[in-house]
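The values are calculated or read from the model by the stated rules, or taken from the named source; none is laboratory data. Everything numeric here is computed off the predicted structure, so don't read it as measured data. Here Cβ is always computed from backbone atoms with ideal geometry, including for glycine, and neighbour counts include all displayed protein chains. Side chains included, ligands, DNA and RNA excluded: accessible areas come from the protein's heavy atoms. Shrake-Rupley method; radii C 1.70, N 1.55, O 1.52, S 1.80 Å.
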Amino acid sequence: MTSTQENEAVVEPEADASSDTSKSVSSPSQQSYEVTEAELLDARLPREEVAEGWVRLFDGHTFFGWQISGEANFRVQDNAVVVDDGEKGLICTSTTWGDFELVLQFNADADTNSGVFVRTPLSPENPAEDCYEINIAPDDNPFPTGSIVQRQKVDAEAAGEQKPEQWREMKIIAEGQTVTVELDGKLVCQYEDPAKLQAHRIGLQHNSGRVAFRDIKIRPLGFKPMIDAELTQWKRYPEMEGEFTVNDDGQLHVDGGKTQLETLETYGDFFLRSDYRIDQPDMNSGIFFRCIPGDEMMGYECQINNDFKDQSRLSPVDCGTGGIFRRQDARVVAGENGTWATVVLQAYQNHIAAWVNGVQVSDWEDTRPPDENPRRGRRDQAGTIIIQGHDPTTDVLYRDMQISTVK
(Lines give C-alpha, C1' and ligand atoms only; values in the text may rest on other atoms or scores of the structure.)
Protein backbone atom coordinates (compact mmCIF):
# COMPACT_ATOMS: atom_id res chain seq x y z
CA MET A 1 0.00 0.00 0.00
CA THR A 2 1.30 3.45 -0.86
CA SER A 3 1.50 6.38 1.50
CA THR A 4 -1.58 8.29 2.63
CA GLN A 5 -0.51 11.32 0.64
CA GLU A 6 -0.35 9.30 -2.56
CA ASN A 7 -3.72 7.63 -1.93
CA GLU A 8 -5.71 10.82 -1.73
CA ALA A 9 -8.81 11.83 -3.64
CA VAL A 10 -10.40 15.23 -4.04
CA VAL A 11 -14.19 15.15 -4.00
CA GLU A 12 -16.01 18.02 -5.68
CA PRO A 13 -19.78 17.35 -5.59
CA GLU A 14 -21.62 18.39 -8.73
CA ALA A 15 -24.30 21.06 -8.67
CA ASP A 16 -27.81 19.67 -8.69
CA ALA A 17 -29.95 20.16 -11.75
CA SER A 18 -33.16 19.20 -9.98
CA SER A 19 -36.26 21.30 -10.59
CA ASP A 20 -37.70 20.87 -7.08
CA THR A 21 -36.31 24.15 -5.74
CA SER A 22 -36.43 27.82 -6.59
CA LYS A 23 -33.35 28.60 -4.51
CA SER A 24 -29.81 28.28 -5.69
CA VAL A 25 -28.36 24.81 -5.36
CA SER A 26 -24.65 24.33 -5.02
CA SER A 27 -21.93 21.95 -4.18
CA PRO A 28 -21.23 22.28 -0.45
CA SER A 29 -20.04 25.86 0.03
CA GLN A 30 -18.23 25.48 -3.32
CA GLN A 31 -15.52 23.62 -1.39
CA SER A 32 -13.63 20.49 -2.28
CA TYR A 33 -12.65 17.96 0.37
CA GLU A 34 -9.61 15.73 0.34
CA VAL A 35 -10.05 12.19 1.59
CA THR A 36 -7.53 9.38 1.85
CA GLU A 37 -7.93 5.72 1.10
CA ALA A 38 -7.47 4.92 4.79
CA GLU A 39 -10.19 7.38 5.83
CA LEU A 40 -12.73 5.93 3.42
CA LEU A 41 -11.89 2.36 4.42
CA ASP A 42 -12.15 3.29 8.11
CA ALA A 43 -15.67 4.60 7.36
CA ARG A 44 -16.83 1.10 6.43
CA LEU A 45 -19.44 -0.26 8.82
CA PRO A 46 -19.06 -3.35 11.01
CA ARG A 47 -20.15 -6.55 9.35
CA GLU A 48 -23.19 -6.97 11.62
CA GLU A 49 -24.52 -3.52 10.68
CA VAL A 50 -23.92 -4.08 6.97
CA ALA A 51 -25.79 -7.38 7.22
CA GLU A 52 -28.79 -5.50 8.64
CA GLY A 53 -28.81 -3.16 5.64
CA TRP A 54 -27.20 -0.06 7.15
CA VAL A 55 -25.16 2.41 5.08
CA ARG A 56 -23.52 5.73 5.92
CA LEU A 57 -25.05 8.93 4.58
CA PHE A 58 -21.96 10.90 5.66
CA ASP A 59 -18.45 9.47 5.45
CA GLY A 60 -17.02 11.86 8.04
CA HIS A 61 -14.74 13.66 5.58
CA THR A 62 -16.63 14.79 2.46
CA PHE A 63 -20.05 15.85 1.26
CA PHE A 64 -20.09 13.15 -1.40
CA GLY A 65 -23.76 12.32 -1.95
CA TRP A 66 -25.06 15.65 -0.60
CA GLN A 67 -26.36 18.90 -2.12
CA ILE A 68 -27.04 22.32 -0.57
CA SER A 69 -29.84 24.75 -1.24
CA GLY A 70 -29.17 28.31 -0.15
CA GLU A 71 -26.06 29.94 1.24
CA ALA A 72 -25.21 28.59 4.70
CA ASN A 73 -21.69 27.68 5.81
CA PHE A 74 -22.11 23.90 5.98
CA ARG A 75 -18.67 22.36 6.42
CA VAL A 76 -16.89 19.23 7.62
CA GLN A 77 -15.22 19.67 11.00
CA ASP A 78 -13.99 16.96 13.38
CA ASN A 79 -15.82 14.24 11.43
CA ALA A 80 -19.12 16.11 11.70
CA VAL A 81 -21.38 18.25 9.50
CA VAL A 82 -21.27 21.70 11.11
CA VAL A 83 -23.18 24.92 10.33
CA ASP A 84 -23.61 28.16 12.26
CA ASP A 85 -24.04 31.05 9.81
CA GLY A 86 -25.73 32.09 6.58
CA GLU A 87 -29.23 32.02 5.21
CA LYS A 88 -31.76 29.41 6.24
CA GLY A 89 -31.57 26.23 4.18
CA LEU A 90 -30.80 22.54 3.99
CA ILE A 91 -28.02 20.22 3.04
CA CYS A 92 -29.80 17.23 1.49
CA THR A 93 -28.95 13.78 0.27
CA SER A 94 -28.82 13.43 -3.50
CA THR A 95 -30.48 10.04 -3.00
CA THR A 96 -34.23 9.61 -2.55
CA TRP A 97 -35.53 7.61 0.41
CA GLY A 98 -39.03 6.22 0.96
CA ASP A 99 -39.46 3.90 3.96
CA PHE A 100 -36.36 3.83 6.16
CA GLU A 101 -34.75 3.85 9.59
CA LEU A 102 -32.34 6.74 10.19
CA VAL A 103 -30.01 7.24 13.14
CA LEU A 104 -27.66 10.13 13.84
CA GLN A 105 -26.02 12.11 16.62
CA PHE A 106 -26.45 15.87 17.00
CA ASN A 107 -24.92 18.59 19.12
CA ALA A 108 -26.71 21.94 19.41
CA ASP A 109 -26.20 25.17 21.31
CA ALA A 110 -28.79 26.04 23.93
CA ASP A 111 -30.65 28.47 21.66
CA THR A 112 -30.13 26.67 18.35
CA ASN A 113 -33.12 26.06 16.10
CA SER A 114 -32.42 23.33 13.55
CA GLY A 115 -33.93 20.08 12.41
CA VAL A 116 -33.78 16.85 10.47
CA PHE A 117 -36.03 16.88 7.41
CA VAL A 118 -37.31 13.63 5.88
CA ARG A 119 -39.20 13.01 2.65
CA THR A 120 -38.28 16.57 1.79
CA PRO A 121 -37.58 18.51 -1.40
CA LEU A 122 -34.36 20.54 -1.49
CA SER A 123 -36.26 23.69 -0.52
CA PRO A 124 -39.46 22.81 1.33
CA GLU A 125 -42.09 25.53 1.55
CA ASN A 126 -44.45 24.24 4.24
CA PRO A 127 -43.47 21.51 6.74
CA ALA A 128 -47.15 20.85 7.38
CA GLU A 129 -47.56 19.69 3.78
CA ASP A 130 -44.39 18.92 1.81
CA CYS A 131 -42.06 17.22 4.31
CA TYR A 132 -41.60 16.06 7.89
CA GLU A 133 -39.40 18.40 9.96
CA ILE A 134 -38.17 16.73 13.14
CA ASN A 135 -37.19 19.72 15.20
CA ILE A 136 -34.05 20.45 17.21
CA ALA A 137 -35.01 23.38 19.40
CA PRO A 138 -35.11 24.64 23.02
CA ASP A 139 -37.83 23.64 25.46
CA ASP A 140 -39.67 26.95 25.06
CA ASN A 141 -40.01 26.49 21.30
CA PRO A 142 -43.57 25.71 20.11
CA PHE A 143 -42.10 22.41 18.86
CA PRO A 144 -39.27 21.25 21.17
CA THR A 145 -36.62 18.75 20.07
CA GLY A 146 -38.16 15.57 18.68
CA SER A 147 -41.42 17.23 17.65
CA ILE A 148 -42.64 17.09 14.05
CA VAL A 149 -43.13 20.75 13.17
CA GLN A 150 -46.73 21.77 12.44
CA ARG A 151 -47.81 18.17 12.93
CA GLN A 152 -47.11 16.85 16.46
CA LYS A 153 -45.56 18.49 19.54
CA VAL A 154 -43.34 16.65 22.00
CA ASP A 155 -43.58 17.47 25.68
CA ALA A 156 -40.61 19.62 26.74
CA GLU A 157 -39.75 17.21 29.55
CA ALA A 158 -39.56 14.34 27.11
CA ALA A 159 -37.44 16.41 24.72
CA GLY A 160 -34.88 17.15 27.43
CA GLU A 161 -32.65 20.16 27.94
CA GLN A 162 -30.47 21.30 25.07
CA LYS A 163 -26.85 21.42 26.26
CA PRO A 164 -23.98 22.66 24.04
CA GLU A 165 -21.51 20.04 25.24
CA GLN A 166 -23.90 17.13 24.82
CA TRP A 167 -24.10 14.76 21.86
CA ARG A 168 -27.55 13.20 21.61
CA GLU A 169 -28.83 10.36 19.45
CA MET A 170 -31.94 10.64 17.31
CA LYS A 171 -33.66 7.75 15.55
CA ILE A 172 -36.35 8.38 12.93
CA ILE A 173 -38.42 5.63 11.34
CA ALA A 174 -40.63 6.54 8.38
CA GLU A 175 -42.74 3.60 7.28
CA GLY A 176 -45.85 4.13 5.23
CA GLN A 177 -47.90 6.85 6.92
CA THR A 178 -46.19 6.43 10.30
CA VAL A 179 -43.25 8.50 11.51
CA THR A 180 -41.67 7.74 14.90
CA VAL A 181 -38.90 9.62 16.69
CA GLU A 182 -36.64 8.39 19.49
CA LEU A 183 -34.22 10.50 21.52
CA ASP A 184 -31.41 8.71 23.33
CA GLY A 185 -33.31 5.42 23.09
CA LYS A 186 -36.64 6.81 24.32
CA LEU A 187 -39.72 7.00 22.09
CA VAL A 188 -40.91 10.63 22.18
CA CYS A 189 -43.12 10.98 19.10
CA GLN A 190 -45.30 8.79 16.92
CA TYR A 191 -47.26 10.46 14.17
CA GLU A 192 -49.85 8.99 11.81
CA ASP A 193 -50.20 11.00 8.62
CA PRO A 194 -53.64 10.87 6.98
CA ALA A 195 -51.86 10.66 3.61
CA LYS A 196 -48.35 9.29 3.04
CA LEU A 197 -45.78 11.69 1.62
CA GLN A 198 -43.94 10.43 -1.44
CA ALA A 199 -40.32 9.32 -1.27
CA HIS A 200 -37.83 12.20 -1.19
CA ARG A 201 -34.57 13.36 0.37
CA ILE A 202 -33.09 13.52 3.87
CA GLY A 203 -32.08 17.05 4.90
CA LEU A 204 -30.16 18.73 7.72
CA GLN A 205 -31.25 22.27 8.47
CA HIS A 206 -29.59 25.57 9.24
CA ASN A 207 -32.10 27.94 10.82
CA SER A 208 -30.34 29.74 13.66
CA GLY A 209 -27.44 28.95 15.98
CA ARG A 210 -24.75 26.31 15.76
CA VAL A 211 -25.50 22.63 15.18
CA ALA A 212 -23.36 19.62 14.33
CA PHE A 213 -24.34 16.15 13.04
CA ARG A 214 -22.26 12.99 12.95
CA ASP A 215 -22.47 9.20 12.57
CA ILE A 216 -25.40 9.51 10.15
CA LYS A 217 -26.62 6.06 9.08
CA ILE A 218 -29.72 4.80 7.31
CA ARG A 219 -31.25 1.57 6.13
CA PRO A 220 -34.11 1.16 3.66
CA LEU A 221 -37.12 -0.88 4.75
CA GLY A 222 -39.45 -3.22 2.89
CA PHE A 223 -36.90 -5.62 1.38
CA LYS A 224 -38.08 -8.89 -0.18
CA PRO A 225 -35.79 -11.86 -0.95
CA MET A 226 -34.94 -12.55 -4.59
CA ILE A 227 -33.14 -15.92 -4.47
CA ASP A 228 -34.58 -19.32 -3.58
CA ALA A 229 -33.27 -22.82 -4.22
CA GLU A 230 -35.16 -23.18 -7.52
CA LEU A 231 -34.56 -19.60 -8.71
CA THR A 232 -38.30 -19.25 -9.26
CA GLN A 233 -38.06 -15.46 -9.76
CA TRP A 234 -35.49 -15.75 -12.54
CA LYS A 235 -35.16 -16.73 -16.19
CA ARG A 236 -32.20 -18.87 -17.22
CA TYR A 237 -30.41 -18.81 -20.57
CA PRO A 238 -29.16 -22.42 -21.02
CA GLU A 239 -27.80 -21.66 -24.49
CA MET A 240 -25.22 -19.32 -22.92
CA GLU A 241 -21.89 -20.68 -21.68
CA GLY A 242 -21.85 -20.12 -17.93
CA GLU A 243 -23.93 -21.69 -15.18
CA PHE A 244 -25.99 -20.43 -12.23
CA THR A 245 -26.60 -22.80 -9.31
CA VAL A 246 -27.80 -22.40 -5.73
CA ASN A 247 -25.72 -24.34 -3.20
CA ASP A 248 -26.83 -25.93 0.07
CA ASP A 249 -26.17 -22.66 1.91
CA GLY A 250 -28.57 -20.76 -0.34
CA GLN A 251 -25.76 -18.97 -2.17
CA LEU A 252 -26.02 -18.21 -5.87
CA HIS A 253 -22.89 -19.43 -7.67
CA VAL A 254 -21.96 -17.77 -10.96
CA ASP A 255 -19.52 -20.08 -12.72
CA GLY A 256 -17.66 -19.47 -15.95
CA GLY A 257 -18.55 -18.14 -19.35
CA LYS A 258 -20.47 -15.14 -20.64
CA THR A 259 -23.98 -15.69 -19.31
CA GLN A 260 -26.91 -14.02 -17.57
CA LEU A 261 -29.71 -14.72 -15.11
CA GLU A 262 -32.69 -12.38 -15.54
CA THR A 263 -35.61 -11.51 -13.26
CA LEU A 264 -39.09 -12.35 -14.47
CA GLU A 265 -40.37 -9.12 -12.92
CA THR A 266 -39.41 -5.59 -13.97
CA TYR A 267 -38.26 -2.89 -11.56
CA GLY A 268 -38.10 0.88 -11.96
CA ASP A 269 -37.19 2.75 -8.74
CA PHE A 270 -35.69 0.45 -6.11
CA PHE A 271 -33.05 -0.41 -3.54
CA LEU A 272 -31.21 -3.69 -4.03
CA ARG A 273 -28.82 -5.14 -1.47
CA SER A 274 -26.71 -8.24 -1.84
CA ASP A 275 -23.73 -9.91 -0.27
CA TYR A 276 -21.11 -11.03 -2.78
CA ARG A 277 -17.84 -12.93 -2.55
CA ILE A 278 -14.87 -13.01 -4.94
CA ASP A 279 -12.05 -15.27 -3.80
CA GLN A 280 -9.49 -14.65 -6.54
CA PRO A 281 -8.22 -11.52 -8.33
CA ASP A 282 -9.21 -10.72 -11.91
CA MET A 283 -12.80 -11.82 -11.30
CA ASN A 284 -15.61 -9.85 -12.85
CA SER A 285 -19.38 -9.91 -12.53
CA GLY A 286 -22.10 -7.29 -12.48
CA ILE A 287 -25.67 -6.44 -11.53
CA PHE A 288 -27.49 -5.03 -14.57
CA PHE A 289 -30.74 -3.13 -14.05
CA ARG A 290 -33.51 -1.44 -15.99
CA CYS A 291 -32.61 -3.91 -18.71
CA ILE A 292 -34.53 -4.43 -21.94
CA PRO A 293 -36.39 -7.67 -21.10
CA GLY A 294 -35.08 -10.68 -23.00
CA ASP A 295 -32.09 -8.85 -24.44
CA GLU A 296 -28.44 -9.59 -23.70
CA MET A 297 -27.38 -7.47 -20.69
CA MET A 298 -28.81 -4.34 -22.26
CA GLY A 299 -29.09 -2.13 -19.17
CA TYR A 300 -27.18 -0.06 -16.66
CA GLU A 301 -24.46 -2.04 -14.86
CA CYS A 302 -23.38 -1.90 -11.23
CA GLN A 303 -19.92 -3.44 -11.44
CA ILE A 304 -18.74 -6.27 -9.16
CA ASN A 305 -14.92 -6.27 -9.20
CA ASN A 306 -12.61 -5.79 -6.20
CA ASP A 307 -9.39 -5.22 -8.17
CA PHE A 308 -7.40 -1.98 -8.11
CA LYS A 309 -4.18 -0.71 -9.63
CA ASP A 310 -1.07 1.22 -8.56
CA GLN A 311 -1.48 -0.21 -5.03
CA SER A 312 -4.30 2.26 -4.47
CA ARG A 313 -7.93 1.43 -3.74
CA LEU A 314 -8.74 4.89 -5.08
CA SER A 315 -7.82 3.54 -8.53
CA PRO A 316 -10.27 0.74 -9.35
CA VAL A 317 -9.73 -1.69 -12.18
CA ASP A 318 -12.62 -1.87 -14.64
CA CYS A 319 -14.82 0.61 -12.71
CA GLY A 320 -14.74 -1.13 -9.30
CA THR A 321 -17.55 -2.65 -7.23
CA GLY A 322 -20.43 -0.21 -6.93
CA GLY A 323 -19.25 1.85 -9.88
CA ILE A 324 -21.67 2.41 -12.74
CA PHE A 325 -19.87 0.81 -15.66
CA ARG A 326 -18.74 3.29 -18.34
CA ARG A 327 -20.51 6.09 -16.45
CA GLN A 328 -18.80 6.60 -13.08
CA ASP A 329 -16.00 4.63 -11.43
CA ALA A 330 -16.28 3.71 -7.77
CA ARG A 331 -14.37 6.32 -5.77
CA VAL A 332 -12.84 3.58 -3.60
CA VAL A 333 -12.64 -0.22 -3.77
CA ALA A 334 -14.27 -1.06 -0.43
CA GLY A 335 -14.66 -4.82 -0.90
CA GLU A 336 -11.96 -7.38 -0.15
CA ASN A 337 -11.25 -10.52 -2.15
CA GLY A 338 -11.57 -13.68 -0.10
CA THR A 339 -14.35 -12.44 2.16
CA TRP A 340 -18.00 -11.46 1.95
CA ALA A 341 -18.87 -7.85 1.16
CA THR A 342 -22.20 -6.08 0.69
CA VAL A 343 -23.33 -3.80 -2.12
CA VAL A 344 -26.43 -1.60 -1.85
CA LEU A 345 -27.67 -0.16 -5.14
CA GLN A 346 -30.35 2.48 -5.62
CA ALA A 347 -31.98 3.68 -8.82
CA TYR A 348 -34.57 6.46 -8.66
CA GLN A 349 -35.68 8.28 -11.80
CA ASN A 350 -32.39 9.45 -13.40
CA HIS A 351 -30.25 9.16 -10.24
CA ILE A 352 -28.12 6.11 -9.37
CA ALA A 353 -26.03 5.51 -6.25
CA ALA A 354 -24.25 2.58 -4.62
CA TRP A 355 -22.61 1.72 -1.30
CA VAL A 356 -20.11 -1.05 -0.55
CA ASN A 357 -19.73 -2.20 3.06
CA GLY A 358 -21.61 0.92 4.13
CA VAL A 359 -19.51 3.52 2.27
CA GLN A 360 -21.02 5.38 -0.67
CA VAL A 361 -18.87 4.76 -3.73
CA SER A 362 -20.97 6.20 -6.59
CA ASP A 363 -23.43 9.06 -7.07
CA TRP A 364 -24.42 9.62 -10.68
CA GLU A 365 -27.18 11.44 -12.50
CA ASP A 366 -28.04 10.41 -16.05
CA THR A 367 -28.56 13.63 -18.00
CA ARG A 368 -28.50 12.04 -21.45
CA PRO A 369 -31.55 12.21 -23.75
CA PRO A 370 -34.13 9.47 -23.13
CA ASP A 371 -33.63 6.14 -24.87
CA GLU A 372 -35.04 2.64 -24.47
CA ASN A 373 -31.47 1.31 -24.33
CA PRO A 374 -29.44 2.56 -21.30
CA ARG A 375 -26.24 2.08 -23.31
CA ARG A 376 -27.37 4.87 -25.63
CA GLY A 377 -29.32 7.20 -23.35
CA ARG A 378 -31.33 7.66 -20.16
CA ARG A 379 -33.83 4.90 -19.40
CA ASP A 380 -36.44 5.86 -16.79
CA GLN A 381 -38.91 3.04 -17.39
CA ALA A 382 -38.80 -0.20 -15.47
CA GLY A 383 -36.69 -3.09 -16.71
CA THR A 384 -35.39 -6.44 -15.58
CA ILE A 385 -32.41 -7.11 -13.32
CA ILE A 386 -29.66 -9.37 -14.69
CA ILE A 387 -26.80 -11.08 -12.85
CA GLN A 388 -23.78 -11.37 -15.12
CA GLY A 389 -21.28 -14.10 -15.76
CA HIS A 390 -18.52 -12.13 -17.46
CA ASP A 391 -16.09 -14.67 -18.97
CA PRO A 392 -14.79 -18.26 -18.54
CA THR A 393 -12.87 -17.30 -15.37
CA THR A 394 -15.91 -15.92 -13.51
CA ASP A 395 -16.38 -17.61 -10.13
CA VAL A 396 -18.51 -15.39 -7.88
CA LEU A 397 -21.00 -16.03 -5.08
CA TYR A 398 -24.06 -13.96 -4.18
CA ARG A 399 -26.26 -14.40 -1.13
CA ASP A 400 -29.09 -12.66 0.73
CA MET A 401 -30.07 -10.67 -2.37
CA GLN A 402 -33.11 -8.51 -1.60
CA ILE A 403 -35.05 -5.72 -3.28
CA SER A 404 -37.33 -2.91 -2.10
CA THR A 405 -39.30 -0.63 -4.39
CA VAL A 406 -39.24 3.13 -3.78
CA LYS A 407 -42.53 5.01 -3.97
For the list (1) more than 23 Å from the chain's Cα centre (by Cα); (2) part of a loop (DSSP other than H, G, I, E, B); (3) modelled with pLDDT of 95 or more, I need the number of the one condition that Pro392 fails. (3)
Every residue from the stretch 39-71 that is open to solvent by 10 Å² or more (accessible area, probe 1.4 Å), touching a strand residue (DSSP E or B) at 6+ places or on another chain (Cβ under 6 Å) and either over 25 Å from Ala347 (Cα atoms) or not in a loop (DSSP other than H, G, I, E, B) (or both): Arg56, Gln67, Glu71
Scanning the stretch 75-105 for residues that are over 20 Å from the mean Cα position of the chain (by Cα) and buried (at least 19 other Cβ atoms within 10 Å of the Cβ), the one farthest from Asp215 (Cα to Cα) turns out to be Gly89
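Kindly provide the set of residues from the stretch 217-257 that are open to solvent by 90 Å² or more (accessible area, probe 1.4 Å), over 24 Å from the mean Cα position of the chain (by Cα) and of a type in the set (Lys, Arg), ordered by number.
Filtering the stretch 217-257 for residues open to solvent by 90 Å² or more (accessible area, probe 1.4 Å) gives 224-225, 230, 236, 238-239, 241, 243, 248-249.
Right, trim to over 24 Å from the mean Cα position of the chain (by Cα) and you get 230, 236, 238-239, 241, 243, 248-249.
Within the stretch 217-257, Arg236 is the sole residue that qualifies.
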When residues of the stretch 152-180 are filtered for being open to solvent by less than 60 Å² (accessible area, probe 1.4 Å) and either modelled with pLDDT of 95 or more or in contact with a Leu (Cβ under 9 Å, 6 or more places away or on another chain) (or both), how many remain? 15
Quick one: is Val359 touching a helix residue (DSSP H, G or I) at 6+ places or on another chain (Cβ under 9 Å) and open to solvent by less than 10 Å² (accessible area, probe 1.4 Å)? yes
How many residues, within the stretch 258-307, are farther than 22 Å from Val361 by Cα, open to solvent by 10 Å² or more (accessible area, probe 1.4 Å) and acidic (Asp, Glu)? 3
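Condition check: at pLDDT below 95, farther than 28 Å from Ile403 by Cβ and either open to solvent by 10 Å² or more (accessible area, probe 1.4 Å) or of a type in the set (Val, Ile, Thr) (or both). Does Asp184 satisfy that? If you could, list the steps in order and put the result at the bottom.
Details: at pLDDT below 95: no; farther than 28 Å from Ile403 by Cβ: yes; either open to solvent by 10 Å² or more (accessible area, probe 1.4 Å) or of a type in the set (Val, Ile, Thr) (or both): yes.
Criteria not met by Asp184.
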Name the pairs: first residue in the stretch 106-130 and surrounded by 20 or more Cβ atoms within 10 Å (Cβ to Cβ) and part of a strand (DSSP E or B), second residue modelled with pLDDT under 95 and of a type in the set (S, T, N, Q), Cβ to Cβ under 6 Å, at least 6 apart or on different chains? Ala108/Gln162
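For the structure I just gave you, tell me whether Gly146 is touching a helix residue (DSSP H, G or I) at 6+ places or on another chain (Cβ under 8 Å) and under 27 Å from Val55 (Cα atoms). Walk me through how you get there before you give the answer.
Numbers: touching a helix residue (DSSP H, G or I) at 6+ places or on another chain (Cβ under 8 Å): yes; under 27 Å from Val55 (Cα atoms): yes.
In short, yes.
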Answer with yes or no whether Glu157 is out of contact with any Asp or Glu (no Cβ under 7 Å at 6 or more places or on another chain) and under 14 Å from Gln105 (Cβ atoms). no
Looking at the stretch 131-151 only, could you name the residues that are closer than 18 Å to Gln190 by Cβ and either at pLDDT below 95 or open to solvent by 20 Å² or more (accessible area, probe 1.4 Å) (or both)? Phe143, Gln150, Arg151
